[in-house]
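Scroll down for the structure; my scribbles are underneath it.
The values are calculated or read from the model by the stated rules, or taken from the named source; none is laboratory data. As the structure is a computational prediction, the values presented were derived from the model and not from experiment. Cβ sites come from the backbone with ideal geometry, for glycine too, and all protein chains shown count toward neighbours. The accessibility values were calculated without ligands, DNA or RNA, using every heavy atom of the protein model including side chains. Shrake-Rupley method; radii C 1.70, N 1.55, O 1.52, S 1.80 Å.
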Amino acid sequence: MTTSAYADAPTAPTASERVVFPPWQHGENNDATERGLEFTVPQVDVLADFHGNLSNPKLVLFVGGNYFFAMAPLVKQFELENPAYVGRIYWETIPPGLLVKQMKAGGTITSGNMTWTVKPDAYFAGLQEVNDLIKEGLLGGPAIPYVTNQLTIMIAKGNPGKVQSLNDLGKPDVRLAMPNPEFEGVVRQIKASLRKAGGIALEAAVYDSKVKAGTTVLTHIHHRQTPLFLMQGIADAGVTWKSEAIFQEQVGNAISHVDISDGFNTTAIYAGAVVAGAAHATAANEWLVFIRSPSAIGIFERYGFKRYNKDTDKDTGKDIGKDTGK
């Protein structure tokens, strides 16, 4: 029998806190069938980007965190089509550069007071990053592209900063939460869009002057921190992938977004590959086939992703240079 320490904990969060603080999917992003004692206390004890059971997985996925919300329905559909994997998939959704660091550390990671080791079978990030890791020998080729995404300006509901465009992000009184170049590959695309909209001056304002002034907060894991900071009133806006804002709006969080015009926006191509020496290489390849299937693409489309088209889709953020993957 599964018991819960959530509702009965003396310091249990209020109803509003349970909405504001992650995890935002109420346990749906967990593939474990036997969960034992459930102990999740938002703001205090949460491992929101680690999913499933480590005891004996048949498939381990390292997925760039900006579509953490799509993984639950994707896993559910994959297991429907492949019943042998039910309850046997483990996945992580921290930023791609940090996943690479974990891979290079032999799969060992520490979160809070807990340390564990898990080696991935497949890795998913931007196409350029995946190709770079194939060249490095960390992944086996080929890279498999499957969907594209574009940027948006995520704002708190009501738009307290009165942000209407990328150029507004350079204003001294607009408080920003922006991905950190040291950890998050999306910065490459964001800087490309900032340059398109306002030149080097806008990029420098957002990622230099305002950082020094304290009006740009650099996140460690933007897909969790940016919406949280907006809902807490710490920031007025932040650039994220459009799919992330759509998810926050769908679950009813006090988040909205401002579209970036096509002329200033940047397209990213998502891709994956089998990890070199993967313990479950067959399973990894089955997932790579699934991720391009109509059923998987239909799930991605719920959040604004588009199917990758090799004849027309190009990564339009490359002018900023190679993502370091740190």
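Between ALA245, ALA122, ALA276, the Gaussian network model of the chain with springs among Cα atoms under 10 angstrom shows the greatest mean-square fluctuation at ALA276.
Using the rule -39500 (n - 2.57) for each DSSP H run of four or more residues, divided by the residues of the chain, the 222 nm mean residue ellipticity is -9000 deg cm²/dmol.
Once you order the gyration tensor axes a ≥ b ≥ c over the Cα atoms, which shape class does region 153-220 get: rounded for a/c under 1.5, otherwise prolate or oblate by comparing a/b with b/c? It would help to have the intermediate numbers written out before the result.
On the way: a/c = 1.36, a/b = 1.21, b/c = 1.12.
Rounded shape, in that the Cα axes give a/c under 1.5.
For region 264-311, the solvent-accessible area with a 1.4 angstrom probe is 44 square angstrom per residue. Rounded to the nearest 20 debye, the dipole magnitude of region 49-139 is 200 debye, with +1 charges on Lys and Arg beta carbons, -1 on Asp and Glu beta carbons, and the Cα centre as origin.
Over region 20-167, give the accessible area per residue in Å² for a 1.4 Å probe, as an integer. Let's see the in-between values first.
Details: 6240 Å² over 148 residues.
Per residue, region 20-167 has an accessible area of 42 Å².
Karplus-derived 3J(HN,Hα) values for region 59-76, using 6.51 cos²θ - 1.76 cosθ + 1.60 with θ = phi - 60°, are 7, 10, 10, 9, 10, x, x, 6, 10, 3, 5, 7, 5, 4, x, 5, 5, 4 Hz; glycine and proline are entered as x.
With springs connecting C-alpha atoms under 10 Å apart, model the chain as a Gaussian network and identify which of MET231, MET178, MET114 has the largest mean-square fluctuation. Judging by the Gaussian network model, the answer is MET114. Electrostatic tally near GLY238: other residues with Cβ closer than 11 Å to its Cβ, Lys and Arg +1, Asp and Glu -1, net -1. Between (i) 136; (ii) 157; (iii) 212, which entry matches volume of the Cα convex hull per residue in Å³ as derived from the coordinates of this structure? Given (i) 136; (ii) 157; (iii) 212, the calculated one carries the label (i).
Where does each of 260-270, 68-78, 31-41 land if you order them by average Cβ count within 10 Å, highest first? Intermediate values should be presented prior to the final figure.
On the way: 260-270: 18.0, 68-78: 20.5, 31-41: 13.6.
Packing order, densest peptide first, comes out as 68-78, 260-270, 31-41.
Toward the positive end of the charge dipole of the chain, about the Cα centre and with charges on Cβ (Lys, Arg +1; Asp, Glu -1), which of GLY106, GLY141, VAL86 goes farthest? Checking the options against the dipole of the chain, the answer is GLY141. Atom-type composition of the exposed protein surface of region 148-235 places 54 percent of the accessible area on carbon and sulfur (1.4 angstrom probe). Here the 3J(HN,Hα) profile of region 171-186, calculated from phi with Karplus coefficients 6.51, -1.76 and 1.60 at θ = phi - 60°, is 5, x, 8, 8, 7, 10, 10, 10, x, 7, x, 6, 10, 10, x, 4 Hz, Gly and Pro shown as x. Between the amide H of THR40 and those of ALA5, TYR6, distances stay under 5 Å, these residues lying 5 or more places away or on another chain, with hydrogens modeled in the peptide plane.
If you add up the charges near LYS58, with Lys and Arg at +1 and Asp and Glu at -1, over every other residue whose beta carbon is less than 15 angstrom from its beta carbon, what do you get? Don't skip to the end; give the middle numbers.
On the way: positive: ARG88, LYS119; negative: ASP31, GLU79, GLU81, ASP121, GLU286.
Net charge around LYS58: -3.
GNM on the chain, alpha-carbon springs under 10 angstrom: the most fluctuating residue among SER55, SER256, SER295 is SER55. DSSP bridge analysis restricted to the chain gives an antiparallel fraction near 70%, rounded to the nearest 5.
Extents of region 121-263, taken as max minus min of Cα coordinates on every principal axis and listed largest first, are 46, 36, 28 Å.
Evaluating 6.51 cos²θ - 1.76 cosθ + 1.60 at θ = phi - 60° for every residue in region 114-125, the Karplus couplings come out as 10, 10, 8, 10, 8, 9, x, 9, 8, 10, 9, 7 Hz, glycine and proline recorded as x. Our estimate of slack between SER209 and GLU136, defined as 0.36 nm per intervening residue step minus the Cα-Cα distance, is 22.8 nm.
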